[in-house]
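Okay, structure first, notes after.
Every read-out reported here was derived from the displayed coordinates using simple, explicitly stated rules and does not represent laboratory data. What you see is a predicted model; the values in this text were computed from it and never measured. Cβ coordinates were reconstructed from backbone atoms using ideal geometry, including for glycine residues, and neighbour counts include every protein chain displayed.
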Amino acid sequence: MPHTSHTENGGASKPSKAGELKFSPPTEFKNQAYFSSHHQYKKIYRFSVEDPEKFWSNTAKELHWFKQWNDIKQGKAFNSKWYVSGKTNLAYNCLDVHLDAAHRNKAALIWESEDGETKIFTYQLLFTQVAAFANVLKKYGVKKGDNVVIFMGMVPEAVIAMLACARIGAVHSVIYSGLSAKSLRNRIEKLNSRVIITQDYILKKGNFIPLKETVNKATEGIEFAEHIIVFQRNKEAELHIDKDKEHLWNEEITSVTAECNAAELFAQHPVFSMFTNGPKGDLVKILHRTGGYMVQAYLSSKWIFDLKDEDIIWTTSDIGWISGHTYAIYGPLLNGVTTFMYEGSAIHPQPDRYWQLIEKYRINIFHTKPTTLRGLLKQGDDWVEKHDLSSLRLLGTKGEPIKPETWLWFYKVVGKQKCPVVNTWLQTETGSALISPLPGASEMRPGHICCPFPGVEVDVVDIKGTPVNEGEGGYLIVKDSWPSMFFTDKEEKAETKLNCWNQFKGNYFTGDAAVKEKTGYAKILGRVDDVIKTAGNRVGGSEIERVLSEHESVKEAVVVKRPDEVIGNAIIAFVTLNDSSDGTLLLKEELRNYVGENIGSIAKPQEVIFLYNMPRLESGKVDRHTLRKKALEGTYEPIGEEAEYFKILEKLREEYQSIYLE
């Protein structure tokens with residue numbers, strides 16, 4: 001792989017392929033960064049994997065503990081426990097520790113809505129609101145260990161609800177507001193949640209989209225759902241309240257005191273739960289533990305985003321996703337910086353909405369997903385150029401692989417070649433980013449994710465678990481365990497249900513294929529299992545198939561993914577009908593909407609293709625390879641370097657699915 005020369009401001013010469021470009025961080029940035037050279041990174045990384053207990057102990061000591069741990073780590077792989085017998089509290093470390101004279105009046109959270117409404121919460125004000133709402137939860141019987149569902153949009157009250165749960169030891173589960181009533185009901189039933197927190201409407205592209213209405217449908221007939229707390233976002237609209245079980249946030253929070261001590265929780269206590277898709281698309285509940293999650297969220301935020309006291313960071317993730325939890329809320333607050341939150345679309349009312357907000361609030365760190373960047377790129381450079389983005393000093397991407405061309409646009413047009421770009425890799429299961437450049441230390445390669453975070457060991461292996469050679473493709477694994485790793489309830493038995501700990505000798509299989517680069521970098525190719533990453537969201541293909549098969553017209557349904565230049569992967573559904581008819585355009589739209597009603601808009605197929613018969617292998621199983629090829633016909637043809645990667649991914653996908661999913 002040819003080496004390229006570097007310019008002082010981080011530029012590079014032009015080799016034949018975009019993926020071979022390399023950029024160095026600007027000297028001015030390196031001089032102020034936590035990591036100023038790759039040698040420094042390698043030295044710390046070597047120490048972190050040779051003596052991980054000392055490394056993670058030193059990190060944890062930067063946070064507040066009511067009682068220090070006896071053991072840093074017990075067990076291995078799925079059975080690992082971190083900071084055993086230690087006691088702490090996530091909300092206390094996000095708020096109470098910052099109430100000294102120097103920080104109490106500093107902005108903790110800045111929020112703006114699509115219609116221009118703004119709110120600013122200092123650390124003192126956010127602390128007061130969280131303590132008060134914690135007392136509201138206690139008023140309605142919420143205790144340590146209880147599950148609380150939060151079904152809200154991007155409003156500060158959702159953050160307050162999360163922190164209030166963490167303060168008293170309740171386990172919050174933030175459900176993405178775009179899911180259907182049926183999907184929400186499924187999650188409420190799995191959690192057996194007595195208390196649900198929601199709002200009347202969310203504002204999106206000028207429309208008020210009802211949420212309380214979705215909650216009412218989801219909880220109909222569920223007797224254990226005793227209390228629904230409703231934040232009234234649109235105060236001008238009439239809001240019907242069932243006084244027997246529904247309570248207005250605005251009234252409740254003023255009826256209690258703002259004095260609530262943080263619960264002293266064991267490090268193993270669950271702080272939140274989320275839902276993820278297993279390799280066959282089945283829905284599984286996972287949890288993250290207070291101590292380990294807190295420590296790694298703190299350190300990964302600090303080092304990956306090079307957080308400084310004066311920074312304002314904007315991670316655009318919805319709070320229903322793990323990147324929203326870790327890098328929009330908990331990570332920034334643990335580090336005592338200011339986090340920015342926006343309720344609205346990137347291109348409404350104009351395609352420069354994001355750039356306008358960065359200029360207005362002088363945002364320093366901007367972290368978003370490639371799907372968003374591809375959409376903004378298509379709007380043209382003029383929308384970017386009309387705004388002063390000189391406050392930016394660091395850019396980041398997340399959620400899905402990024403194409404080199406999109407990366408280059410982000411780096412050059414948005415960052416003006418002065419902002420390092422950190423391409424972060426994380427999952428719901430990992431809790432924090434496990435692979436990312438460390439700005440100041442790492443060369444940046446467009447479309448590549450760089451090196452493992454200190455304290456984390458990763459590798460690319462073949463189907464037998466043997467490390468592949470440099471330049472070869474294989475399966476991305478994480479060795480042993482890490483502090484922010486997920487765990488499951490004993491009754492879930494998800495270590496076998498997920499199967500991610502059994503396939504590669506006790507190491508965690510991420511579900512991703514990757515190419516091991518000669519420089520130690522990796523190129524993520526995409527998932528080899530049934531999970532589809534579309535527009536940065538994670539959807540189970542089997543879940544969509546089950547829903548489609550429940551429709552009265554459908555005999556059989558098979559869902560595959562097709563690469564898409566804007567949303568990453570398009571969902572393509574192949575359907576055979578009970579009456580063996582050709583199907584109609586009206587039925588196609590009906591089936592798409594049927595999926596939306598039963599799962600949510602993020603799962604609606606981009607295309608429904610009717611077949612008389614499904615192609616099958618000699619064994620009688622559906623020939624998914626043929627269907628994937630058919631989905632590509634006339635729509636997508638990778639070329640050059642991308643075509644090479646696509647072939648590797650298809651080969652690995654066929655191999656994996658023939659062994660584990662067929």
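As a length-normalised measure over Cα pairs under 8 Å and 6 or more apart, the relative contact order of the chain settles at 14 percent.
Quote the FRET efficiency, to the nearest 0.05, computed for HIS64 versus LEU617 with a Förster distance R0 of 60 Å and r equal to the Cβ-Cβ distance. The partial results should precede the final answer.
On the way: r = 58 Å, r/R0 = 0.97.
Calculated transfer efficiency: 0.55.
Per residue, the convex hull spanned by the Cα atoms of the stretch 182-252 amounts to 91 cubic angstrom.
Size check on the stretch 239-278: the Cα extents along the three principal axes, sorted descending, read 38, 35, 15 Å. Ignoring aspartates and glutamates fewer than eight residues from LYS243 along the same chain, the ones with Cα atoms less than 17 angstrom from its Cα are ASP200, GLU213, GLU220, GLU223, GLU226, GLU251, GLU252.
Looking at the calculated P(r) for the stretch 481-612, what percent of the C-alpha pair distances fall above 25 Å? Tail fraction, whole percent: 41.
So what is the diffusion coefficient of the chain in µm² per second by Stokes-Einstein at 20 °C and 1.002 mPa s, using a Kirkwood Rh over Cα pairs? Spell out each step's value before the answer.
Working: Rh = 25.6 Å.
In µm²/s, the coefficient is 84.
For LYS73, the aspartates and glutamates whose Cα falls under 14 Å of its own Cα, not counting residues fewer than eight places away in the same chain, are ASP51, GLU53, ASP480. For the stretch 140-263, the convex hull drawn through the C-alpha positions has a volume of 105 cubic angstrom per residue. The label point for GLU550 and the one for ASP382, both projected 7 Å from the Cα toward the Cβ, are 4.8 nm apart.
Determine the shape class of the stretch 64-117: with a ≥ b ≥ c the square roots of the Cα gyration tensor eigenvalues, call it rounded for a/c under 1.5, and otherwise prolate if a/b is greater than b/c, oblate otherwise. Don't jump to the answer; show the numbers that get you there.
Details: a/c = 5.67, a/b = 1.91, b/c = 2.98.
Oblate, because a/c is 1.5 or more while a/b does not exceed b/c.
Per-residue Karplus couplings for the stretch 416-426, computed as 6.51 cos²θ - 1.76 cosθ + 1.60 with θ equal to phi - 60°, are listed in order as 6, 6, 10, 10, x, 10, 9, 9, 8, 10, 8 Hz, Gly and Pro entered as x.
Taking every alpha-carbon pair under 8 Å whose residues sit at least 6 apart, the stretch 238-287 reaches a relative contact order of 21 percent.
Please compute the length gained on full extension between LYS119 and GLU251, using 0.36 nm multiplied by the number of residues separating them and subtracting their Cα-Cα distance.
Extending this stretch completely gives an extra 45.6 nm.
When you restrict to C-alpha pairs under 8 Å that are six or more residues apart and normalise by the size of the stretch 485-596, the relative contact order lands at 15 percent.
The packing ranking of peptides 427-438, 379-390, 208-219, highest mean first, is 427-438, 208-219, 379-390, where packing means the average number of other beta carbon atoms within 10 angstrom of each residue.
Among the lysines, select those whose C-alpha is under 22 Å from the C-alpha of LYS308, and discard any that sit fewer than 8 residues away in the same chain. Those lysines meeting the cut-off are LYS30, LYS61, LYS106, LYS360, LYS398, LYS416, LYS418.
Using the Kirkwood formula over every pair of different C-alpha atoms, what hydrodynamic radius in Å results for the stretch 280-356? Working shown, then result.
Details: mean 1/r = 0.0713 Å⁻¹.
Value: 14.0 Å, from the Cα pair sum.
Treating the beta-carbon of each Lys and Arg as +1 and of each Asp and Glu as -1, no other charges, what is the dipole magnitude of the chain about its Cα centre, to the nearest 20 debye? Could you put the intermediate results ahead of the total?
Numbers: 82 positive and 86 negative charges, 287 e Å.
It works out to roughly 1380 debye.
Only DSSP H runs of four or more residues enter the estimate; each adds -39500 (n - 2.57), and after division by the residues of the chain the mean residue ellipticity at 222 nm equals -8000 deg cm²/dmol. Note on the stretch 374-482: semi-axes of the ellipsoid equivalent to its C-alpha gyration tensor, largest first and rounded to whole Å, are 31, 15, 12. Using only the C-alpha atoms, the convex hull of the stretch 524-598 corresponds to 101 Å³ per residue. Positive end of the dipole of the chain (Cβ unit charges, origin at the Cα centre): among PHE231, THR519, GLY169, the Cα lying farthest that way belongs to THR519.
Here the Kirkwood formula, the inverse mean of 1/r across different C-alpha pairs, assigns the stretch 262-412 a hydrodynamic radius of 16.9 Å.
Just so you know, the Rg over Rh for the stretch 182-326 is 0.99, from Cα atoms, with Rh as the Kirkwood radius.
Taking amide H as placed 1.01 Å from N in the peptide plane, GLU343 has its amide H under 5 Å from the amide H of GLU112, SER113, GLU114, each at least 5 places away in sequence or on another chain.
For the stretch 433-556, what is one quarter of the convex hull surface built on the Cα atoms, given in nm²? Write out the running numbers ahead of the final one.
Numbers: hull surface 41.8 nm².
Its average projected convex-hull area is 10.5 nm².
Considering the stretch 317-397 at the alpha-carbon level, its Rg and Dmax are found to be 12.9, 37 Å.
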